[in-house]
Amino acid sequence: MADENWKPKIIAIICNWCSYAGADLAGGARIQYPPDIRAIRVMCTGRIDPLFILKAFQDGADGVLVSGCHFGDCHYLEGNFKAAKRMFLLKSVLKNIGLDDKRLRMTFVSASEGAKWGMVMEDVVKTINELGPSPLKEFAR
Amino acid sequence: MAEVKKNEEPRIGVFVCHCGTNIAGSIDVKAVMEYARTLPNVIVADDYQYMCSTPGQNKIAEAIAEQKLTGVVVAACSPRLHEPTFRNATKAGGLNPFRFEMANIREQNSWVHMHQPEEATSKAKDAVRIAVAKASLLEDLVPKSVPVEKAAMVVGGGVGGMQAALDLANAGIKTYLVEKSPTIGGRMSQLDKTFPTLDCSQCILTPKMVDVYRNEGIELLTYTEVEQVEGYIGNFDVTLRKKARGVITPAEAEARGIVGGGCTGCGDCVEVCPVIKPNPFELGMAPRKAIYIYHPQVSPLIYTVDFDACVKCGLCVEACGEKKAVDLEMKDELMTVKVGTVVLALGYDIFPIEKKFEWGYKNYDNVITSLEFERLICASGPTGGHLVRPSDGETPKKVAFVLCAGSRDNTGVGKPYCSRFCCMYSLKHAHQIIEKIPGVVPYIFYMDIRSFGKMYEEFYYRIQDEGAKFIRGRVANITEDPVTKNLHVNAEDTLLGRPIDMEVDLVVLAAAIQPSAETEKTRRLFGVSCSQDGWLLEAHPKLNPCGTTTAGVYLAGVCQGPKDIPDTVAQAEGAASAASIPIHRGEVELEPYFAQCMEEKCAGCGLCVNQCPYSALALIEKDGRTVMQVTEAKCKGCGTCGGFCPGGAIWMQHFATPQIVAQIDAFLLGGEQ
């Protein structure tokens, strides 16, 4: 690895009703997880334009997490379905431009799953650490 | 509004909260505050022990006025907790409240990285930088005020739903009470007595049922289910399915022009009905005809045809005669009602305790559940109140009560939670058999006795004094003597530290409870989340126990979590109160997170139209072009259209593309690299 001091930069875009609330619950329960992820709140994962994610990778993100409600539980009926579809397509785009599609992850964490949020955090950080810095990093600036 | 206003040069104030030691314990608040001062557009940064307190809020308001701020960032707890608080403070300072942005450095930082102060501080700096980036681009927004329909709906006609409906109606609100079964009353009508007062359950419930039936403010819709829900707080359009009852009421008869007709509850039809099925109200321990009422005290007193069982022989039609109340050709009907707010009181079911096969329920005749015990000991029950062994009809002399049957069970078969009222009703059952059967000995196998309510602990002492035997230990298994049908209860007495093999005549399992079968479907229709156990999720466990994250939908009773009758009724009154507030105010403010079409960018492709789950978008002709138009009243602000528009022509207010991209850029490109 080029830089021993490298720490992953991971961005999470999460929905207000399920995953953000789940992350809050993890806090209330003092579930400890790695501090390498920064969250941006949107009202629904359906809001997430795939271009946001491409922008994040272009900016040098090592990983992107999108997390919303479980299917059938979306506060807006079906925004999470649409997000999942977009993320699925986006993954194939990432693969085609030579970026490991494991750098993009979509998870479903409900407002009552604080413990699951902690596990997702552990797992995402572990995955990105294994993959190392994003190859797009050198283009970032 | 299609134009996006250019902001003036942003002037941002950042306020970092210590939250006592909740945040300051692991984050260097001063360092975060000093860092904020170095960020672009930040004019002032401050920190305070408790930003949410009056002095904390005053700091924000004063800074806005003094420094002519255009945006405010508070780094504190979750916006889901205190966004409204700080929006008010922002407004108090004379700024549009939507120019406020929150950085969550407590729930998603200090609390989850308690032992990593350096990383937590660095994460907090990032969070502040991200929030400042967004705050620099926020604009004035005006919440939309919508009128509230002066009507409410209560779903579920158990004691909680009945109480909520009565309260709402008595507050002058037209209330629809929707109940899936043919009568209101719910689980409580199946109980014999209630603890700790030992008053007869039906005696206190039936008058309430009559009150509900007679209340002019309540439209009672029994044998009715929720089919579809549209709209939002203030304006829910609920489609209901009135299931074919096969019997018409006197009012319906009048509408059909049948003079003096309709069901009077005489029961002549039942006499002649040839079909016999198990009665679910008596848990299958008594027969029921295909035309039936659940129990003598039903409200409304109208018979119902069980079309799954009915052979359409027509004998009941003949027996009914001139009243012409029976209509075997009746079909389900759909009706739509408009209500402002909704209370869900969906109740519970008994956990299928046969899954805990080691206790032999449904395998051994003399193992029954507590609800079956209630029916057997009840004077109006299948045995006229004589507790008998199902195997031979003999009166039991030694009865074992098994508590936590499926509750507090982490084996994966049962339920991890405490079902909360089983201890108390088992004490009551012990009392009832001591009272009724001379020489009987009740053995209560318990893990803990949770007598948590008013006069409950006193009741526990009383039952001890009356001679009930208490054995602390979970029952391992139960076996049957095939000849006598007596049962061997195997357990460990954990106080004496020795195994027990006790022969008894009857075992009563205090089975766990679980959300009622309809809960899952109904909660999804109303967009209400549930906890992992399936109980409906309240907006906040401490501060908003009756509300949900769906504005205008409130919770009452056990559907929110196990409760006894007093707690259910108390929560129902709370839910009714909460549900009446928007109705009495007459209007509600919706958060202005509406989609806007930037017409100059819109190509009129219409791809967004199908993305919207609320049909809020449509293509229109304007100035010779096709462009999309948003109906704000229908838009709920999810932004699914904005995440999809290929031309980037949709402006999602408060979550606009430049605002989100600025957050992404601020995190990844800004900061200490």
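Please give the Cα centre distance for region B:380-419 versus region B:200-272, rounded to the nearest Å.
Answer, in whole Å: 34.
What is the Cα radius of gyration of region B:597-664 over 2.2 N^0.38 Å, N being its residue count?
Against the compact-globule rule of thumb, the ratio is 1.07.
Give me log10 I(q)/I(0) at q = 0.07, 0.09 Å⁻¹ for chain B, Debye formula, one equal scatterer per alpha-carbon, no solvent.
For the requested q values the scattering log ratios are -0.64, -0.93.
Looking only at Cα atoms, what is the convex hull volume of the protein assembly as shown per residue, in Å³?
It comes to 206 Å³ per residue, whole-number rounded.
Please find the FRET efficiency linking residue B:328 to residue B:214, where r is the Cβ-Cβ separation and R0 is fixed at 30 Å, and quote it to the nearest 0.05.
With a Förster radius of 30 Å, E is 0.50.
Want the number for residue B:266 to residue B:114: 0.36 nm per residue separation, take away the alpha-carbon distance, what's left?
Gain on stretching residue B:266 to residue B:114: 47.7 nm.
Output the pairs from A:82/B:415; B:362/B:398; B:193/B:454; A:7/A:102; A:9/A:137; A:7/A:126 with a Cα-Cα distance over 22 Å in this structure; if there are none, say none.
Long pairs (Cα-Cα over 22 Å): A:82/B:415.
Just the number, please: Stokes-Einstein D of region B:23-177 in µm²/s, Kirkwood Rh from C-alpha pairs, 25 °C, 0.890 mPa s.
138
What FRET efficiency would be calculated for the residue pair residue B:472, residue B:411, taking the C-beta separation as r and a Förster radius of 25 Å, to the nearest 0.05?
E(calc), rounded to 0.05, equals 0.80.
Checking an interface number: how much accessible area is buried between A and B, summed over both chains, with a 1.4 Å probe, in Å² rounded to 100?
4700
Enter the accessible area per residue of the protein assembly as shown (Å², integer; probe 1.4 Å; all protein chains in place).
Accessible area per residue: 41 Å².
What is the diffusion coefficient of region B:479-519 in µm²/s, taking the Kirkwood radius over Cα pairs and the Stokes-Einstein relation at 37 °C with a viscosity of 0.692 mPa s?
This corresponds to a translational diffusion coefficient of 256 µm²/s.
Can you list residues whose amide H is under 5 Å from residue B:530's amide H, if they're 5+ apart or on another chain and H is modeled 1.01 Å from N?
B:537
Test of understanding: express the Cα radius of gyration of region B:326-385 as a ratio to 2.2 N^0.38 Å, with N the residue count.
That works out to 1.89 for region B:326-385.
Give me a comma-separated list of calculated 3J(HN,Hα) values for region B:270-283, in order, Karplus coefficients 6.51, -1.76, 1.60 applied at θ = phi - 60°, integers in Hz, x for any Gly or Pro.
After applying 6.51 cos²θ - 1.76 cosθ + 1.60, I find 5, 4, 8, 5, x, 8, 10, 10, x, 8, x, 4, 8, 6 Hz.
At a 1.4 Å probe radius, carbon and sulfur cover how many percent of the accessible area of region B:511-618?
52
Rounded to the nearest 0.05, what FRET efficiency do residue A:102 and residue B:336 have when you use their Cβ-Cβ distance and R0 = 51 Å?
Efficiency at R0 = 51 Å is approximately 0.60.
Note down the nm distance, to one decimal, between modelled labels 7 Å out along Cα→Cβ at residue B:464 and at residue B:391.
A separation of 3.3 nm, rounded to one decimal place.
Using a probe of 1.4 angstrom, how much of the accessible area of chain A is carbon and sulfur, in percent?
Result for chain A: 58 percent of the exposed heavy-atom area is carbon or sulfur.
When DSSP beta bridges are limited to those with both residues in the protein assembly as shown, what percentage is antiparallel, rounded to the nearest 5?
45
In terms of the ratio Rg/(2.2 N^0.38 Å) built on C-alpha atoms, what value belongs to region B:119-226?
Working it through for region B:119-226, the quotient is 1.85.
List the lysines whose Cα sits under 27 Å from the Cα of residue B:338, skipping any in the same chain fewer than 8 residues away.
B:144, B:150, B:174, B:180, B:208, B:242, B:243, B:521, B:634, B:636
Do any GluC sites (Glu not before Pro) in region B:327-358 lie in a loop, going by DSSP, with at most 14 other beta-carbon atoms within 10 Å of their beta carbon, and if so which?
Listed in order of number, the matching sites are B:329.
Taking H as built 1.01 Å from N, whose amide H comes closer than 5 Å to the amide H of residue B:279, not counting residues under 5 places away?
B:284, B:285, B:286, B:288
Could you give the spread of the C-alpha atoms of region A:1-129 along their three principal axes, from largest to smallest, in whole angstroms?
41, 33, 17
Would you work out what percent of the accessible area of region B:267-345, with all protein chains in place, is carbon or sulfur (probe 1.4 Å)?
54
Please arrange B:11, B:498 by accessible surface area, largest first, computed with a 1.4 Å probe and ligands excluded.
B:498, B:11
Given labels modelled 7 Å from the Cα in the Cβ direction, how far is it in nm from residue B:448 to residue B:623?
7.0
For helix B:159-170, report the angle its Cα long axis makes with the longest principal axis of the Cα atoms of chain B; keep it between 0 and 90° and round to the nearest 10°.
For helix B:159-170, the angle is close to 60 degrees.
The values are calculated or read from the model by the stated rules, or taken from the named source; none is laboratory data. Just so you know, these numbers come straight off a predicted model, no measurement behind them. We place every Cβ from the backbone using ideal geometry, glycine too, and count neighbours over all the protein chains shown. Ligands, DNA and RNA are stripped out before the accessible areas are found, and what is left, the full protein with its side chains, is counted by its heavy atoms. Shrake-Rupley method; radii C 1.70, N 1.55, O 1.52, S 1.80 Å.
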